[in-house]
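The values are calculated or read from the model by the stated rules, or taken from the named source; none is laboratory data. Note that this is a predicted model, so its numbers are computed, not measured. Neighbour counts are summed over all protein chains in view; Cβ atoms, including those assigned to glycine, are modelled from backbone coordinates with ideal geometry.
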Amino acid sequence: NAGVTQTPKFRILKIGQSMTLQCAQDMNHNYMYWYRQDPGMGLKLIYYSVGAGITDKGEVPNGYNVSRSTTEDFPLRLELAAPSQTSVYFCASSSSPSWEQYFGPGTRLTVT
Amino acid sequence: RKEVEQDPGPFNVPEGATVAFNCTYSNSASQSFFWYRQDCRKEPKLLMSVYSSGNEDGRFTAQLNRASQYISLLIRDSKLSDSATYLCVVNKRSNYQLIWGAGTKLIIKP
């Protein structure tokens, strides 16, 4: 099984550009999550989804958007990139909100 | 006060030693607790869940103290491969979100 996959692995954006981070899982998990991790900090939840068509904001949603049209895919959209969005972005999925979360390998994003 | 607090370390420990670290949480209604391991520049991976009665998995033992609102992780006979950052994770009962600690860095020295 591929588990959770993310693309791209690395990306450099200029201020004001937009991009979509892709995330897919093949475990048929209903719950999916987007986190960001800044150096020396814990993971911060950006958005999460409890199933296809249902998304909700996490702790730090400003500057981001998500959609969940299928169980498998949960893309994260960055609009008008800012230097404060420089971070490592992890996508995760789980079969239940209180059970183990499986993570993708992350996307390292730099905004300059 | 942070919702989940951990000593950032690093803990420098000789191979074969026993090491323990704690994590405190602020929400007394939290029900689920986990320890994840994160290697440098990699994604977090579940090390173990923490149950009310405590649990053990090989060299690793996790304990929960609800009265004092902390969880602990004990590693016995530490190996070089145990070098990593250990993340404490607690659920936010109200909306099922998980709150992540910033992690404790462990370095095992030969």
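Restricting attention to the range A:89-107, does a residue exist that is surrounded by fewer than 16 Cβ atoms within 10 Å (Cβ to Cβ) and among the β-branched types (V, I, T)? No, the range A:89-107 has no match at all.
Where strands (runs of 3 or more DSSP E) fall wholly inside the range A:16-112, the ranges with 1 or more residues that are free of Cβ contacts under 8 Å to residues at least 60 places away in the same chain are A:19-25, A:31-37, A:43-51, A:54-57, A:64-66, A:76-78, A:87-94. Right, B:E15: at pLDDT 95 or above and either surrounded by fewer than 20 Cβ atoms within 10 Å (Cβ to Cβ) or in contact with a Pro (Cβ under 6 Å, 6 or more places away or on another chain) (or both) or not? So B:E15 passes the test. Put simply, of B:P110, B:P10 the only residue that is in contact with a helix residue (DSSP H, G or I) (Cβ under 7 Å, 6 or more places away or on another chain), surrounded by fewer than 19 Cβ atoms within 10 Å (Cβ to Cβ) and not charged (D, E, K, R) is B:P110.
So, B:K105, is that one more than 14 Å from chain A (Cβ to nearest Cβ) and either of a type in the set (D, E, K, R) or in contact with a Pro (Cβ under 6 Å, 6 or more places away or on another chain) (or both) or not? So B:K105 fails the test. Taking the criterion of being part of a strand (DSSP E or B), surrounded by fewer than 16 Cβ atoms within 10 Å (Cβ to Cβ) and among the hydrophobic types (A, V, I, L, M, F, W, C), the residues of the range A:1-15 that qualify are A:F10, A:I12.
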